[in-house]
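Novice: First the structure, which I've put down as structure tokens, then a few questions once you've had a look.
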């Protein structure tokens, strides 16, 4: 339940209250670059949130069935994803809750050795906006420490749950970028009450996320199902729009969701479609953020 605001109901708020609320982590200047590397027309940033067992653990759910769904991500899906990216010579970004990284250290090490990026993604997939004061900072710093050997420069909050404290934590950590907010299609700088932070936002979107189409939780109302062919059509349309505009196509996936036999072909065909179209720079989120930092219009 949301705590009652000291200024009363929203319709009672004075102007300074709602201006302060919308001023947190607000979109600032565009960080879209003047050009992409080697004359590429658009950038493609593929990513996987490797939640594995942490979603049921976050909910206090000790069910072996629910935990096994997450275990599938590391046991079967990540090897398929690694093999596909090796065949296609594509570097991607993997975001790990610290608990998942501790449960699968060899997996994280192998992905880093393959040249993929490892980013921060919470401690145990906690929802930041539900935490008591101070807990988010403690958990995020602990999560970074677990991944310290992989030199993380970016963060994606679990379930994109960006609290009123998150930006301060990201600034304190000195991170290059965040990938949790959705104010644009292309990269932009985050403002804190109209003050530029230097932090680059690489915006995701629920439209470009596999979970909203494929996720399924037994004994709950979460039972959406979209045919893989329909998801492929949506992702292709999103990419074609980015290609037409010369922008960024950022896709968020989860190993335990996309890594199944019927769904991996969607990603394979999407990659073939992008390569056939041509002019694509395939890069990690960190590489995109670094390029935008160095080549955006001033």
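The values are calculated or read from the model by the stated rules, or taken from the named source; none is laboratory data. Nothing here was measured: the structure is a model prediction, and the numbers come from that model. Don't worry about glycine lacking a Cβ; one is built from the backbone with ideal geometry, like all the others, and counts go over all protein chains shown.
Novice: Working only within region 130-139, note down all residues that are outside any loop (DSSP other than H, G, I, E, B) and either exposed (fewer than 13 other Cβ atoms within 10 Å of the Cβ) or in contact with a strand residue (DSSP E or B) (Cβ under 7 Å, 6 or more places away or on another chain) (or both).
Specialist: 130, 138
Novice: If you check 178, 240, 185, 192, which single one turns out to be within 16 Å of residue 28 (Cβ to Cβ), surrounded by fewer than 18 Cβ atoms within 10 Å (Cβ to Cβ) and at pLDDT 95 or above? Show your work before the answer.
Specialist: On the way: 178 fails: surrounded by fewer than 18 Cβ atoms within 10 Å (Cβ to Cβ); 240 fails: within 16 Å of residue 28 (Cβ to Cβ); 185 fails: surrounded by fewer than 18 Cβ atoms within 10 Å (Cβ to Cβ).
So the residue among 178, 240, 185, 192 that is within 16 Å of residue 28 (Cβ to Cβ), surrounded by fewer than 18 Cβ atoms within 10 Å (Cβ to Cβ) and at pLDDT 95 or above is 192.
Novice: Looking only at residues that are part of a helix (DSSP H, G or I) and in contact with a strand residue (DSSP E or B) (Cβ under 8 Å, 6 or more places away or on another chain) in region 246-269, which one is farthest from residue 50 (Cα to Cα)?
Specialist: 267
Novice: If I filter region 115-129 for residues that are out of contact with any strand residue (DSSP E or B) (no Cβ under 6 Å at 6 or more places or on another chain) and free of Cβ contacts under 8 Å to residues at least 24 places away in the same chain, do I get at least one hit?
Specialist: no
Novice: In this structure, does residue 90 turn out to be part of a loop (DSSP other than H, G, I, E, B) and either crowded, with 21+ Cβ neighbours inside 10 Å or in contact with a strand residue (DSSP E or B) (Cβ under 9 Å, 6 or more places away or on another chain) (or both)?
Specialist: Against the criterion (part of a loop (DSSP other than H, G, I, E, B) and either crowded, with 21+ Cβ neighbours inside 10 Å or in contact with a strand residue (DSSP E or B) (Cβ under 9 Å, 6 or more places away or on another chain) (or both)), residue 90 qualifies.
Novice: Among the residues of region 20-53, count how many are on the phi < 0 side of the Ramachandran plot, outside any loop (DSSP other than H, G, I, E, B) and in contact with a strand residue (DSSP E or B) (Cβ under 9 Å, 6 or more places away or on another chain).
Specialist: Residues meeting the conditions: 16.
Novice: Continuing with the same structure: Any idea how many residues of region 140-155 are surrounded by 14 or more Cβ atoms within 10 Å (Cβ to Cβ) and within 18 Å of residue 50 (Cβ to Cβ)?
Specialist: Within region 140-155, residues that are surrounded by 14 or more Cβ atoms within 10 Å (Cβ to Cβ) and within 18 Å of residue 50 (Cβ to Cβ) number 10.
Novice: Let me spell it out: the conditions are (1) touching a helix residue (DSSP H, G or I) at 6+ places or on another chain (Cβ under 6 Å); (2) under 24 Å from residue 116 (Cβ atoms); (3) modelled with pLDDT under 95, and residue 215 meets all of them except one. Which number is the exception?
Specialist: So residue 215 meets the others, but not (1).
Novice: May I pose another question? Looking only at residues in region 249-265 that are touching a helix residue (DSSP H, G or I) at 6+ places or on another chain (Cβ under 6 Å) and over 24 Å from residue 56 (Cβ atoms), which one is surrounded by the most Cβ atoms within 10 Å (Cβ to Cβ)?
Specialist: 249
Novice: Checking residue 200 against (1) closer than 18 Å to residue 54 by Cβ; (2) outside any helix (DSSP H, G or I), which test does it fail?
Specialist: Checking residue 200 against (1) closer than 18 Å to residue 54 by Cβ; (2) outside any helix (DSSP H, G or I), the one that fails is (1).
Novice: Let me ask another. Out of all the residues in region 169-179, is one or more more than 17 Å from the chain's Cα centre (by Cα), in a loop (DSSP other than H, G, I, E, B) and touching a residue at least 40 places away in the same chain (Cβ under 8 Å)?
Specialist: Looking for residues that are more than 17 Å from the chain's Cα centre (by Cα), in a loop (DSSP other than H, G, I, E, B) and touching a residue at least 40 places away in the same chain (Cβ under 8 Å), one finds none in region 169-179, hence no.
Novice: Consider residue 212 carefully, then state whether it is part of a helix (DSSP H, G or I) and out of contact with any strand residue (DSSP E or B) (no Cβ under 6 Å at 6 or more places or on another chain).
Specialist: For residue 212, the condition - part of a helix (DSSP H, G or I) and out of contact with any strand residue (DSSP E or B) (no Cβ under 6 Å at 6 or more places or on another chain) - is met.
Novice: Checking the condition assigned to a helix (DSSP H, G or I) and on the phi > 0 side of the Ramachandran plot, which residue from 122, 159 passes?
Specialist: After ruling out the rest, the residue left standing is 159.
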